[in-house]
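Here the structure is laid out as structure tokens; the discussion comes afterwards.
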Amino acid sequence: MSDRAALSTSEVSRNSLLPVLLSLIIPGAGQFYLKQRNRGLAIFAVFLIQFLLTSWAFDNYQVGLLVISAFETNWLWIFLVVFWVWNVNDAHRLAQNKRVTNLFAMVIVALVVYIIAWQVTDVQLVRLVTRFGNALKIGNDLIHPDLFTQDASGNWVPSENFGYIFGTIEQQPPPELFVRLGLVSPTTMLPTYQAGKIVETIALGFLATVFSTIIALPLSFFAAHNVMVRVPFGNTIYYVTRIFFNVVRSVDTLIWGLIVILWVGLGPFAGVIALTIHSVAALGKLYSEEIEHIDPGPVEAITATGATFLQTIRYAVFPQIVPPFVGYTLLRWDINMRSATIVGFVAGGGIGYFVVETLRKSAYNQYAAALWAIAVVIMVVDFVSAKWRERISTGETQVQTGPRRPFYLSLRFWFYLLVGIAVFAYFWSLSEISLKAMLSPAPTLGQVAFGFINLNLDPPVVSDVVNQMLVTIFQALLATTLGSLVAVPFSFLAAHNLTGRSRLSAWLYYATRGLFNFLRSIEALLYVAIFFYWVSFGSFAGMLALAVTTFGLIGKLFSEAIENIDPGPHEAIIATGATRLQAIVFGVLPQIIPPFISYAIYQWDINVRLATIVGFAGGGGIGNLLLNDYFAFSKYRSAGTAVALIVLVVIPMDFASARIRRRLV
Amino acid sequence: MLRVENLTKVYPNGTVALKDVSFQVADGEFLAVIGLSGSGKSTLLRCINRLIEPTAGKIFWNDIEITAAPVSDLRKIRRQIGMIFQQFNLVKRSSVLTNVLSGRLGYVNPYTSLLNYFPAEEHQRAMNNLEQLGLADKAHVRADSLSGGQQQRVGIARALMQDPKLILADEPVASLDPVLAHSILKYLEQLNKERGITVLCSLHFLDLVHRYATHAIALKDGQLVFQGLPEKIDDAQFKAIYGQDAERVSIV
Ligand SMILES: Nc1ncnc2c1ncn2[C@@H]1O[C@H](COP(=O)(O)OP(=O)(O)OP(=O)(O)O)[C@@H](O)[C@H]1O
Ligand SMILES: [Mg+2]
């Protein structure tokens with residue numbers, strides 16, 4: 001983190017008066033004058049941001065308010081002055097060709113940012129203690145989910161709630177087809193399975209994955225540069241598709257849900273559409289990048305044999321893109337399943353809708369039952385998806401000893417095809433898919449579309465939206481910091497290569513791994529309820545909920561980063577007679593800090609997106625504004641403003657975080 | 001007979017890769033193309049089967065003007081010209097057999113082949129070619145599980161599927177170690193001598209040129225600076241092609 005103005009010793013001291021004066025008037029100007037252009041611009045930008053943040057936080061949240069008798073001031077200005085002084089000194093040292101570092105300035109700025117974030121997010125640690133009774137109460141409900149009850153004779157039987165979640169067997173009249181075929185008489189009652197909410201959730205995630213794959217496949221070619229340079233107007237098509245993918249992707253599935261219900265009405269179908277819209281964009285981006293990265297060599301070679309265009313695609317392009325495409329689709333299936341558990345919060349359908357109802361009734365043990373069901377399903381999905389992806393990336397299925405029989409001759413193929421069609425049809429019926437509803441949209445859709453084009457830019461609305469967006473960003477920042485810091489020690493326990501061989505460490509390994517997997521299987525939105533019961537509604541509850549998922553997600557990433565380190569240095573240091581702790585400090589830390597920082601930045605990026613929706617469950621931030629102030633009152637123009645700002649914040653963050661990560665790793 | 005007349009290639013960014021290049025190759029020759037990196041060897045070879053569109057000039061093959069052929073005829077021409085690449089250009093995830101069969105795409109039905117269907121006789125042809133190159137037992141493994149030398153032999157087998165009258169080889173041995181380099185070039189020599197296939201092969205090492213080629217041409221900055229028998233490349237010629245500071249290095 002240090003740079004030197006120049007290494008020549010001949011110029012020991014230069015006149016530093018002018019640069020110092022310049023930096024005194026405009027921070028960064030002296031550095032700029034000394035040809036350290038980027039440093040000068042960065043200092044100026046940081047100064048400006050610090051200034052704006054400090055005054056914004058004071059005006060809106062009285063952060064830093066200091067009352068001395070009748071005199072009111074903001075003590076956070078001290079930090080700005082300190083930064084200013086640092087900048088002048090920095091200009092002086094640069095002019096003198098002395099060593100300069102950024103550490104001090106970074107600490108100052110970080111302090112200011114965290115102090116503001118803390119207050120703006122309304123962190124009240126004391127509530128964690130004073131309202132601990134609530135935590136105990138909800139904790140008790142969580143470990144006593146409403147799944148089984150004792151009937152009159154004292155036997156444990158599935159409760160009514162169990163039936164809502166997992167489904168019930170009911171006596172129903174037989175299907176008409178059976179009656180027509182004369183298989184059963186119309187009066188007999190047949191036991192029929194009525195799907196529960198968790199099955200509906202699985203259906204939503206499955207269908208959304210199928211639909212979005214089908215739609216994203218052709219679209220992705222429009223967003224692949226190497227394909228588009230070969231067609232007329234390719235460049236325009238390429239940029240339009242790219243922008244479309246990025247904008248759609250930066251708006252969370254649940255926000256799409258708010259819009260979709262104004263199109264097809266509340267219900268599972270709305271959930272399917274919302275999930276599909278978001279994942280078309282996410283998949284399309286991944287697919288197109290994969291197309292852009294194919295090896296052109298085989299394309300050239302197959303073209304040279306005299307093959308047709310289609311043959312070239314089939315033999316040179318397909319084999320290169322199909323395995324990664326399948327991998328991304330499996331990954332997306334996992335993500336869609338997670339989103340399907342919460343899309344019902346706004347769109348209806350799936351277990352999210354059920355969760356909202358339990359919360360409305362304050363039936364926390366029913367809510368707990370839903371959480372457990374979700375955790376089990378998502379952990380299974382996560383495991384299956386990861387296993388299949390691993391098989392694809394290692395390509396072990398391709399190693400075979402004899403010639404392959406055409407797939408359409410094998411019984412297995414037909415079996416899977418039939419099962420697939422049956423499952424698809426069943427899920428289709430569960431999701432209440434109605435093309436009619438889709439093609440004849442409710443008039444509200446026109447109103448939303450109009451509102452999103454004619455954004456409401458009245459100063460009060462803009463100010464509300466900007467304020468809540470900043471709260472959202474700070475929420476995400478605190479949650480990322482808190483979750484990552486707590487995850488660090490745990491991640492060492494969950495890394496196979498460092499824990500040693502004792503039985504205790506093996507036990508700890510599985511316990512932490514299990515904890516990570518369990519916690520990250522539940523979406524942040526579902527945790528909000530626990531925390532608003534504990535610390536009451538607002539951005540603090542939302543922040544804590546985000547921190548819990550962050551802990552699970554980042555704990556897993558951290559422990560994998562530790563497992564991926566080169567064992568050489570660690571071994572070498574152990575060999576010198578160092579203790580295990582010393583070996584970690586000198587042999588392991590230098591290897592894991594870059595990936596840790598990179599994952600933390602990545603997580604912050606993810607958390608900002610998640611923080612835009614924690615408000616849908618009472619977690620504050622821009623989601624709260626969007627749902628309870630704008631959509632609830634049909635203020636679509638203001639809603640458009642909020643969504644536009646989300647897009648404007650999320651897209652640059654996504655780019656910046658990707659760039660920083662590329663530089664770090 | 002292959003005849004190249006006043007061939008010029010200017011890339012869209014303005015690079016002049018070939019400047020007014022003319023030469024002839026009689027049937028059955030083994031022609032080495034030499035020159036420094038960037039002298040235009042790859043561009044020249046790719047212009048011949050029009051993987052790259054020439055900017056000006058004509059290329060005749062027997063009586064056909066390749067440079068004037070419409071797309072449908074171009075495919076018929078291409079399928080008679082095998083091509084071998086420095087980076088092998090195999091489809092890594094596909095099996096060796098599929099890679100070899102794909103050399104036949106210009107002959108088989110363009111639609112049924114999309115379903116991975118090749119007639120039984122094509123399978124037989126592919127297996128025969130693999131056997132010739134000593135790779136019959138590798139037919140069903142993934143292409144990227146082979147070593148570099150084996151991959152290049154698959155590349156040759158793929159070219160042989162085309163029943164080529166002409167083979168274009170763009171630095172076929174530059175990614176291989178010396179021993180393998182000789183074994184690959186011996187295959188090409190064998191095809192040239194026994195089946196009378198004309199070979200155009202760009203090479204980096206002069207002693208490989210002396211050892212295998214019957215004729216040679218040299219490019220420098222896109223211009224033809226030598227044309228004749230390999231043994232005619234003396235020290236003066238060498239310096240003209242490779243620059244004053246160049247030294248002869250040899251490969252084992
Ligand atoms: N697609 C392209 N666009 C622009 N310039 C190109 C392109 N391909 C090659 N060139 C340029 O054309 C010139 C000739 O390149 P070519 O690849 O034919 O040389 P080469 O003799 O095969 O070199 P090497 O031994 O490195 O393979 C070089 O200056 C190269 O930079
Ligand atoms: Mg080349």
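The values are calculated or read from the model by the stated rules, or taken from the named source; none is laboratory data. All figures in this text were calculated on a predicted structure; none of them were measured in a lab. Backbone-built Cβ (ideal geometry, glycine too); neighbour counts: all protein chains shown.
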Practice task
Tell me the helices (runs of 4 or more DSSP H) entirely within the range B:4-113 that contain at least 2 residues that are under 22 Å from A:P296 (Cα atoms), away from ligand 2 (no atom under 16 Å from the Cβ) and touching a residue at least 40 places away in the same chain (Cβ under 8 Å).
Solution key: B:96-101
Practice task
Please work out which residue is farthest from ligand 2 (Cβ to nearest atom), limiting yourself to the range B:154-165 and to residues that are within 12 Å of chain A (Cβ to nearest Cβ) and assigned to a loop (DSSP other than H, G, I, E, B).
Solution key: B:D163
Problem - Matching option when the condition is under 30 Å from A:A547 (Cβ atoms), in contact (Cβ under 8 Å) with a residue 24 or more places away in the chain and outside any loop (DSSP other than H, G, I, E, B), among A:V423, A:V471, A:V448 - result: A:V471
Exercise for the section: State whether one or more residues within the range A:395-402 are under 27 Å from A:I335 (Cα atoms), at pLDDT 80 or above, in a helix (DSSP H, G or I) and of a type outside the set (K, R). Expected result: no
Exercise for the section: Please verify whether the range B:213-224 includes one or more residues that are away from ligand 2 (no atom under 16 Å from the Cβ) and either out of contact with any strand residue (DSSP E or B) (no Cβ under 9 Å at 6 or more places or on another chain) or assigned to a helix (DSSP H, G or I) (or both). Expected result: no
Completion exercise
Checking A:A632, A:A642 in turn, the sole residue that is at pLDDT 95 or above, small (G, A, S) and within 28 Å of A:V260 (Cα to Cα) turns out to be A:A642
Exercise for the section: Take B:G155 and decide whether it is small (G, A, S) and either modelled with pLDDT of 95 or more or under 17 Å from the mean Cα position of the chain (by Cα) (or both). Expected result: yes
Completion exercise
Restricting attention to the range B:193-202, the residues that are surrounded by 21 or more Cβ atoms within 10 Å (Cβ to Cβ) and under 15 Å from B:Q132 (Cβ atoms) number exactly 1
Exercise for the section: For the range B:57-97, enumerate the residues that are among the polar types (S, T, N, Q) and more than 10 Å from chain A (Cβ to nearest Cβ). Expected result: B:N62, B:T67
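Which fully enclosed helices (runs of 4 or more DSSP H) of the range A:226-316 have 2 or more residues being within 14 Å of chain B (Cβ to nearest Cβ), buried (at least 17 other Cβ atoms within 10 Å of the Cβ) and at pLDDT below 95?
A:296-304, A:309-312
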Problem - Identity of the residue in the range A:473-531, of a type in the set (D, E, K, R) and buried (at least 23 other Cβ atoms within 10 Å of the Cβ), that ends up nearest to A:D122 (Cα to Cα) - result: A:E523
Completion exercise
Over the range A:73-120, the set of residues within 35 Å of the chain's Cα centre (by Cα) and closer than 13 Å to A:V46 by Cα is A:F79, A:L80, A:F83, A:N102, A:A105, A:M106, A:V107, A:I108, A:V109, A:A110, A:V112, A:V113
Practice task
Assess whether B:G57 counts as being within 19 Å of B:R3 (Cβ to Cβ) and either within 12 Å of ligand 1 (Cβ to nearest atom) or of a type in the set (A, V, I, L, M, F, W, C) (or both).
Solution key: no
Practice task
Return the total of residues in the range B:179-201 being within 16 Å of ligand 1 (Cβ to nearest atom) and either within 12 Å of chain A (Cβ to nearest Cβ) or more than 15 Å from B:G82 (Cβ to Cβ) (or both).
Solution key: 1
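Filter the range B:28-44 for residues that are within 11 Å of ligand 1 (Cβ to nearest atom), hydrophobic (A, V, I, L, M, F, W, C) and crowded, with 23+ Cβ neighbours inside 10 Å and give the result.
B:V33, B:I34, B:L44
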Practice task
Among the residues of the range A:356-385, count how many are within 22 Å of A:W333 (Cα to Cα) and either touching a residue at least 12 places away in the same chain (Cβ under 8 Å) or buried (at least 21 other Cβ atoms within 10 Å of the Cβ) (or both).
Solution key: 12
Handout entry: Tally of residues being away from chain A (no Cβ under 12 Å) and within 12 Å of the chain's Cα centre (by Cα) across the range B:166-178
Key = 3
Exercise for the section: Output the number of the condition that A:W372 fails; it satisfies all remaining conditions of (1) away from chain B (no Cβ under 12 Å); (2) in contact with a helix residue (DSSP H, G or I) (Cβ under 8 Å, 6 or more places away or on another chain). Expected result: (2)
Exercise for the section: Looking at (1) closer than 24 Å to B:V16 by Cα; (2) away from chain A (no Cβ under 14 Å); (3) at pLDDT below 95; (4) surrounded by 14 or more Cβ atoms within 10 Å (Cβ to Cβ), find the lone condition where B:G243 falls short. Expected result: (4)
Practice task
Kindly indicate whether any position in the range A:610-618 is within 17 Å of the chain's Cα centre (by Cα) and either surrounded by fewer than 24 Cβ atoms within 10 Å (Cβ to Cβ) or closer than 17 Å to A:T481 by Cα (or both).
Solution key: yes
